[in-house]
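J.: Handing you this structure, nothing more for now.
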Amino acid sequence: MAKRFNSFGLRGTVALALFLAGAVVLKAQYPGQLAKSEKSTPTLRAVSVLEWTGEPGHPKTSRLVPITVFDGEKLQDGGLYLARPEPLAVAPGVEYELMENGKTTGLYDVLSAGQEQGGWVGYGNWKKAPVPPTLKKKIEKIEDWNDADDRPVLHRKHPPEDEKKTDAKPDSPDADRPTLRKNSDESATPDPDRPTLRKPRTSGDPQQKKKKEKDVGYVEALPTADAPDRPRLKRGKPADAAVQVLPSLMGMPLDLRQTVAVSDAEASREHLWRYEWTDAGEEARMRGLLEAKARTVLGLNTPLASTQTAPKTAAKHRTKNGAKLTKPAKQKALEEPASLADEQFRVFELAYGAGATLVLSARTEPEGNGAPVKFVTLIAQPDLYGNLVVLLVSVTDAAHLDLTPRMRLVGAVDAEADHRGELVFELRGASERQFALYRVGRGQAERLFVTAPTEMR
C-alpha cells in the first residue's frame, strides 16, 4: 500500500529485549531456534480521514486527520500514537490509500505535519491510484500487438518514467505495483525503535532519483525537524522546490469533503463494502421506510386528513322546483411527506454474507419562527421477514450540539485488518468535533472507538 508500519512499537521492543535476554540463559539447555517468528509480530494499521476542498484528485486545499492506529492488540488514537513530536500516522513520508466503499481511488503522500485546532494533521499531495497489475498487462499486450500484414498499430506514448522501468528485475511481475515491505536501510528513521511507514515510490525524475541516492529526505532537510519547539508549518511551498505541497486546509469551510484513508504494511485483498441488491425495488422500499422513521424522529410527519364525504341525507334534499342537490365532492388529502434536507443514504455489506446495513442522515429546513434546525442519523438492517430494524437513532438540534453532536457519515473501513468493516462518523458539535468508529453486527450498533476532541473554528 504505502510507507507502512513495519514494527510493533515501544511495547514490542521492550518485550523482545526481555525475550532475547532470557534466550542467552537458555542457550546451553536448548540448542534449537529461539528467535521470535516474524509471523507473530503485530502489524500496525493506520486509519485517517482526508479532508479537502475542490475536485477529487485535484484539490484546492487538503489535510489528513489521523483517527486510529491498530497496534495488533487494540485501537490507539492516531493523533497521539508515538508522537515525537508529530504522531506516527502523519509523519512526513507516510503514504495512504484513499478508499471509497473499499475501492482505492487514489494515494496521498504526507510531506509535512502541523498542529491545527488543537490536534495534529498532515499535509501532502493527492496522487492517482496505481494501475492494477492485470489491467496493466492487458494494456501492454495491446500496445505491443502487431500484425504481419503491415496493419497500422497505435502505440500509447510512454511517460518519461517508464524508460527507467526497464531496469526492473526479471522476476518482478510488475515494477510499478506498490510493494508492502519493511524499509531498507536507506529510508530508516533516526530512531531504530520507532515503527515507520514505507516512503512513497519516487518517480522517474532524475533530480528525485539523485536526491534518493544521497539519502536526503524532506524531514532531515529541515534544521528544526527534531526540535521540540519547532515552528508550526505554514501553507505554501517548502524551500526544496522538488517537493510540491498543496496549500494547507484551515478551518471548516462549507464545501469541505471527506474520504477514508488507510496505511499499513500488509498486502490485503480489496474488499468492497457496497451492498448489491438482488431486487432494485427492495432498496427503494427500505429507503422509504427509513425516511419515514427519520421524519417521525424529526417531528415532520403530519397526519393525513381522512377522506370525507357528504352525509347521505344531503342527496335527498331538493330545491323548491324539485331539482336534486349536488353531492359535495370528496375531500382527498393531497399532502405529501415533508422533505428531508441534506439527505444522505448509503448501504453497506460490512462482512461477507452479512446482509445490508443502511445509514441515513438528514436535517430539517430552517423555519421562520426561529426554531433550531434538527439533525438525525439512523443505522438499520432488514430482518429475515423483510422488516426494517433500526439499530441506532441519533437526533439533536442546532441549540444542543455541544451536548449531542451531529453524526456525519464518512465511510466504511477495516480498522483492525480482520475483514470486517466499521463505519466512520464525524461527531460535529458547535465548537468541537471527534471521529468515531461504529461496529454493526448481531442486531446492534456499538461505538468501538472515539478520538480526543479537537476545536472547530
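J.: Looking only at region 417-435, how many residues end up being touching an Asp or Glu at 6+ places or on another chain (Cβ under 8 Å) and of a type outside the set (S, T, N, Q)? Walk me through it before giving the result.
T.: Start the filter on region 417-435 by keeping residues that are touching an Asp or Glu at 6+ places or on another chain (Cβ under 8 Å), which leaves 417, 420-422, 429-435.
From the residues that got through so far, the ones that are of a type outside the set (S, T, N, Q) too are 417, 420-422, 429-430, 432-433, 435.
Of the residues in region 417-435, 9 are touching an Asp or Glu at 6+ places or on another chain (Cβ under 8 Å) and of a type outside the set (S, T, N, Q).
J.: Next up: Considering every residue within region 356-377, establish whether at least one is under 18 Å from G441 (Cα atoms), aliphatic (A, V, I, L, M), touching a helix residue (DSSP H, G or I) at 6+ places or on another chain (Cβ under 8 Å) and surrounded by fewer than 17 Cβ atoms within 10 Å (Cβ to Cβ). Reasoning before the result, please.
T.: In the first step, residues of region 356-377 are kept if they are under 18 Å from G441 (Cα atoms); the result is 356-360, 377.
When the remaining residues are screened for being aliphatic (A, V, I, L, M), the result is 356, 358-360.
Cutting the leftovers down to touching a helix residue (DSSP H, G or I) at 6+ places or on another chain (Cβ under 8 Å) gives us 356, 358, 360.
Now narrow it down to the ones that are surrounded by fewer than 17 Cβ atoms within 10 Å (Cβ to Cβ): none.
There is no residue in region 356-377 that is under 18 Å from G441 (Cα atoms), aliphatic (A, V, I, L, M), touching a helix residue (DSSP H, G or I) at 6+ places or on another chain (Cβ under 8 Å) and surrounded by fewer than 17 Cβ atoms within 10 Å (Cβ to Cβ).
J.: Which condition from (1) among the β-branched types (V, I, T); (2) in a strand (DSSP E or B); (3) at pLDDT below 95 is the one that V25 breaks?
T.: With (1) among the β-branched types (V, I, T); (2) in a strand (DSSP E or B); (3) at pLDDT below 95 applied to V25, the lone miss is (2).
J.: Sticking with this one: In the list E97, E73, which residue meets the criterion of being among the charged types (D, E, K, R) and under 19 Å from the mean Cα position of the chain (by Cα)?
T.: Only one candidate qualifies: E97.
J.: Considering A35, A46, which residue is modelled with pLDDT of 95 or more and either touching a helix residue (DSSP H, G or I) at 6+ places or on another chain (Cβ under 9 Å) or crowded, with 16+ Cβ neighbours inside 10 Å (or both)? Before you say what the answer is, go through the steps one by one.
T.: Numbers: A35 fails: modelled with pLDDT of 95 or more.
It is A46.
J.: Which residues, counting only those in region 427-457, are basic (K, R) and either within 16 Å of R408 (Cα to Cα) or buried (at least 16 other Cβ atoms within 10 Å of the Cβ) (or both)?
T.: The initial filter retains those residues of region 427-457 that are basic (K, R), namely 428, 433, 439, 442, 447, 457.
Those that are basic (K, R) and either within 16 Å of R408 (Cα to Cα) or buried (at least 16 other Cβ atoms within 10 Å of the Cβ) (or both): R428, R433, R439, R447.
J.: Which strands (runs of 3 or more DSSP E) sit wholly inside region 345-425 and have at least 3 residues that are more than 24 Å from the chain's Cα centre (by Cα)?
T.: Details: elements: 357-363, 374-382, 388-397, 406-413.
Here the list reads 388-397.
The values are calculated or read from the model by the stated rules, or taken from the named source; none is laboratory data. Keep in mind the model is a prediction, meaning the values are calculated, not measured. No Cβ is skipped: glycine too gets one built from the backbone with ideal geometry, and neighbour counts run over all protein chains shown.
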